[in-house]
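Notes follow the structure.
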Amino acid sequence: MTSAAIHGASAPDWLLVLRRYVLFSAVAHLVWEIGHIPLYTIWLEGTWGEIAFAIVHCTGGDILIAMSTMLLSLFLVGDATWPFERVRRVLVVAVAFGVAYTVFSEWLNIVVRAAWAYREIMPVVPILDAGLTPLLQWVIVPTFAYLAALRLPRGALGLRPGA
């Protein structure tokens, strides 16, 4: 995929795309955490303060995971032409790392540490024994954030040309 096909005449540079990716990831993960916290037992058993802390804490972790998976995927499959080339490859690897980490984290924190628990209304993926919404989160949010970071016009965030 060429730069012109993705970005038109004025393509963003790699640093701007990464900044946008982190910003969009942060907002989308916060919204997702707020949306799916009722599927965890803390929704019924926790205080409002504990629920708010869990949302902020989990969103912070999500941001770190998003940055780590993106940087790792860029390290492994990106090159100097990114974000103009290897766009799909970088996204697929980042999503794969995010989903793999989620499966591990859900197992560690539910089965081993018992740090959190699902309510009976949480759909669980049988073979993975992980919640459906955390898995979908690591497919949908990084994909949305990545595509938005690549396609948003430079001036849409109030950035002047060359900034």
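The values are calculated or read from the model by the stated rules, or taken from the named source; none is laboratory data. Computed from a prediction, not measured in an experiment: that's the story for all the values here. Note: accessible area is taken over every heavy atom of the protein model, side chains too, but ligands, DNA and RNA are not part of it. Shrake-Rupley method; radii C 1.70, N 1.55, O 1.52, S 1.80 Å.
At 222 nm, what helix-only mean residue ellipticity would the chain give, in deg cm²/dmol to the nearest 500, using -39500 (n - 2.57) for each DSSP H run of four or more?
Details: 6 runs with 102 residues, N = 163.
Value at 222 nm, helices only, nearest 500: -21000 deg cm²/dmol.
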Report P(r) for the stretch 36-139: all Cα-Cα distances, bin width 10 Å, range 0 to the bin holding the largest distance, values in whole percent. 14, 40, 28, 13, 4
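Largest first, what is the accessible-area ranking of Y118, Y101, Y40, Y146 with a 1.4 Å probe?
On the way: Y118 45, Y101 100, Y40 25, Y146 0 Å².
Result of the area sort, largest leading: Y101, Y118, Y40, Y146.
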SASA check, L44, accessible area w/ 1.4 Å probe, all protein chains in place, rounded to nearest 10 Å², comes out at 110 Å²
Solvent-accessible ranking of V92, V99, largest area first, probe 1.4 Å: V92, V99
Whole-percent carbon and sulfur contribution to the accessible surface of the chain (1.4 Å, no ligands, DNA or RNA) stands at 71 percent
Let me have the relative contact order for the stretch 1-131, percent, based on Cα pairs under 8 Å that are six or more residues apart. 29 percent
Extension reserve of the L15-L136 stretch, reckoned as 0.36 nm per residue once the Cα distance is removed: 40.9 nm
Could you pull out every residue, at least 5 positions away or on a different chain, whose amide H is within less than 5 Å of the one on Y40? Hs are placed 1.01 Å off N in the peptide plane, and Pro or chain starts have none. R119
